[in-house]
1. Which of (1) outside the structural domain of A:Q43 (by TED's automatic domain parsing); (2) within 26 Å of A:D225 (Cβ to Cβ); (3) of a type in the set (D, E, K, R) does A:D332 not meet, given it meets every other one?
2. Going through the stretch A:296-316 one residue at a time, which ones are outside any helix (DSSP H, G or I) and either surrounded by 15 or more Cβ atoms within 10 Å (Cβ to Cβ) or aromatic (F, W, Y) (or both)?
3. Would you confirm whether any residue within the stretch A:65-86 is small (G, A, S) and within 14 Å of another protein chain (Cβ to nearest Cβ)?
4. Testing B:A152 on (1) at negative phi; (2) surrounded by 15 or more Cβ atoms within 10 Å (Cβ to Cβ); (3) modelled with pLDDT under 80, one condition comes back false. Which one is that?
5. Let me confirm something: among A:A73, A:A68, which residue is in a helix (DSSP H, G or I) and touching a Ser or Thr at 6+ places or on another chain (Cβ under 6 Å)?
6. Does any residue of the stretch A:72-83 turn out to be surrounded by fewer than 23 Cβ atoms within 10 Å (Cβ to Cβ), free of Cβ contacts under 8 Å to residues at least 40 places away in the same chain and either among the hydrophobic types (A, V, I, L, M, F, W, C) or at negative phi (or both)?
7. What residue, among those in the stretch B:276-309 that are more than 11 Å from the chain's Cα centre (by Cα) and of a type in the set (S, T, N, Q), is modelled with the lowest pLDDT?
8. Taking strands (runs of 3 or more DSSP E) that fall entirely within the stretch B:8-75, which contain at least 1 residues that are β-branched (V, I, T) and within 14 Å of chain A (Cβ to nearest Cβ)?
Amino acid sequence: MFTRTPYECHTRLAVDGQWHARPGDDRWARLIEGYRTMALIRQFDKKAVNLQRTGKLGTYASCLGAEALTTAAGQTLQPDDYFVPYYRDQATQYLRGVRLEQILQYWGGDERGNDFPADAPAVRDLPNCVPIGTQLTQAAGVATKAKQRHEHTAVLVTCGDGATSRGDFHETLNVAGVWQLPLIVLVNNNQWAISVPRRLQTASRTIAQKAEAAGIEGFQVDGNDLPAMLDALDYALDRARHGKGAILIEAMSYRLSDHTTADDASRYRKASDLHAAWQREPVARLRQALVEAGHWDGDQEKAWLEHCQRQVDEAIDSYLATPPAPATDMLDYLYANLPPALLAQRAQLEQRTTGGHHA
Amino acid sequence: MPYFTLPDLGEGLQEAEVVEWQIREGDTVNVDDPLLSVETAKAIVDIPAPQDGTIATLFVQPGDIVHVGEPLLAFEGDESSGSQTVVGNLESREGDDNRDDFVVGAVTDGQPGVAATPAIRALARHLGVNLDRIKGSGPAGSITLDDVQQHASLKQSHGDSTPLRGVARTMAKTMASAGAQVVPVSLFDQVSVAHWPDGTDITLRLIRAIVSGCQAEPQVNAWFNGEQLSRRIVDRVDLGIAVDTPDGLFVPVLRDVANRDDADLRDGLNRLRRDVEARKIPAKELQGATLSLSNFGTLAGRFATPVVVPPQVAIVGAGKRFTQPGFRNGEVFEDVQMPLSLTFDHRALNGGQAARFLGAVLASLSE
């Protein structure tokens, strides 16, 4: 068990990698797997930013600093659960079976990036949601249906701290409470909504306390702490699967990147704040803890980073070598059956883009 | 030489100001090494190297405004090898030989969508009118009832029109765009070439003469940006050579003509011509000319006002040679004259510069 309150952040690892409460012997394999994913995603993320900077990717939202909480989500979701992401959930998506090249395709404007592999848990998940907060009510809808079907599954939806100011967030918590939905709302409180700092976002002491008004449980967790996040999500998802109601989790993190590649955080974020945040960052913290406990070493680190490099390079090569999608795709996935008016447009589009016309 | 152009740095921003270079010409870089920082309307961003390589040339300096797609730098590389990639182009068209949408300088935008209400579309279907072929006269270019009816009656009396395709279509757009921007002035002159030995390679002589003109007046070998009103004098002469084909006009580019020997230039010319005729020329071979030559005299015509295609600032036309009586030491002899035309963009050059250039070209030809 662990402390669950809206006003105190549940932590397992100190910022220097020292354990507040050491895990049992059976827990290490999961932490090592988590660390591997976090290191891979960090490398992937850095490369994705560079691809954007060299014109090979569209605007990209970095997940730098969100590795622990998103990896924990991927590690705790069961294959039958549903994941409804916002847009910094690369690690979760990867663990749900979305291929790295598909994540690149998505940010490269290729909808095929959302065509998740049919044999992966991700096939039950929703695609990224760039509009702020709209995924929350959709997740409540998914959870409602799951409950109606007596599925014993959980729905996990993520959003940022900025989204908690929207009506969608409060509406979602409200129905989740009153209908006892199997819904976990995971807020990645990375302290920034583009350039708006957390203190200008809400007068509440914490975001987790907003659960109280909806009559559901809410608590704060250190989002830079993988074992703490695993505690929180194991507990919350299990409860949801067993019909014990919705939970709001506020994961405390820090956005170490710009908002997106179209942003320049140095214009509004103090360098000293960023520097302080780097001292708490999740990847180095977990690495230190693993090394300390004798479950990871320099050779393993080197070999793993080389592996990551290869895996990321292969994903990039595959992404860059993928021929563009046909223009007709933009209509083909809108309706199960295209209305007659759009059928005519589709024919026109097909003729123009393949019929030797000037595209 | 592989060029690296300014990528789209996010959300449709079209230009950026160069803040600082982190590398210099001659430096060797690895992929992802920082190259330069630029400032857009939204952010200062660091642009990393897209590939490993040695930096041959930096095209821009701190303070310069660069537009998306304009070159930032060139990596060293063998021009004739297949490595001449344009990196930083999200929609690479390399290897797509079937496309017709290249030629004659910059490619302009694609076909705009048709704006028409459902009722107008229904009427058009009924009358058998293709809305793609109608220019709308309504608000924001939308197609009106009158437009459709007019088109239908024209079609009834004169038959259907044929839309231009491929090279011809691109030429029409490029020329319309050039015509709308450039302020053209033409100079005409002629020069005696009676002393040329039989078998003189006329195209090579013209190329040498143009190089000589560029040395006398470097401002003619330049790119001009009409929106920014800025000009970049280019050291290297990359000469666009107009080639007429049954499919339309092509202007492949012969690179660095000032520093290649005759045999090499002739080889290059033959290769370009062969590739154009076989329709195998890659789009990149049609881009980046700094000056152009139209040697229409091989067909007919003495003088012309050929069109300057931005960002170039001038084009030389060589006409059909003709005989006329000449005088030397009081004696009449059968002289051979070559007519020359120079059209220049008066926004970028003045008459004196153009005339000095043409004078140097003539002097070279009369040697």
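1. Every listed condition holds for A:D332 apart from (2).
2. A:W296, the sole residue that qualifies.
3. Scanning the stretch A:65-86 turns up no residue that is small (G, A, S) and within 14 Å of another protein chain (Cβ to nearest Cβ).
4. Among (1) at negative phi; (2) surrounded by 15 or more Cβ atoms within 10 Å (Cβ to Cβ); (3) modelled with pLDDT under 80, B:A152 violates only (3).
5. On the way: A:A68 fails: touching a Ser or Thr at 6+ places or on another chain (Cβ under 6 Å).
One residue alone meets the criteria, A:A73.
6. no
7. B:T298
8. B:15-21, B:34-39, B:44-48, B:65-67
The values are calculated or read from the model by the stated rules, or taken from the named source; none is laboratory data. Note that the coordinates shown come from a computational prediction; the quantities given were computed from them, not determined experimentally. Note: ideal-geometry Cβ built from the backbone for every residue, glycine included; neighbour counts use all protein chains shown.
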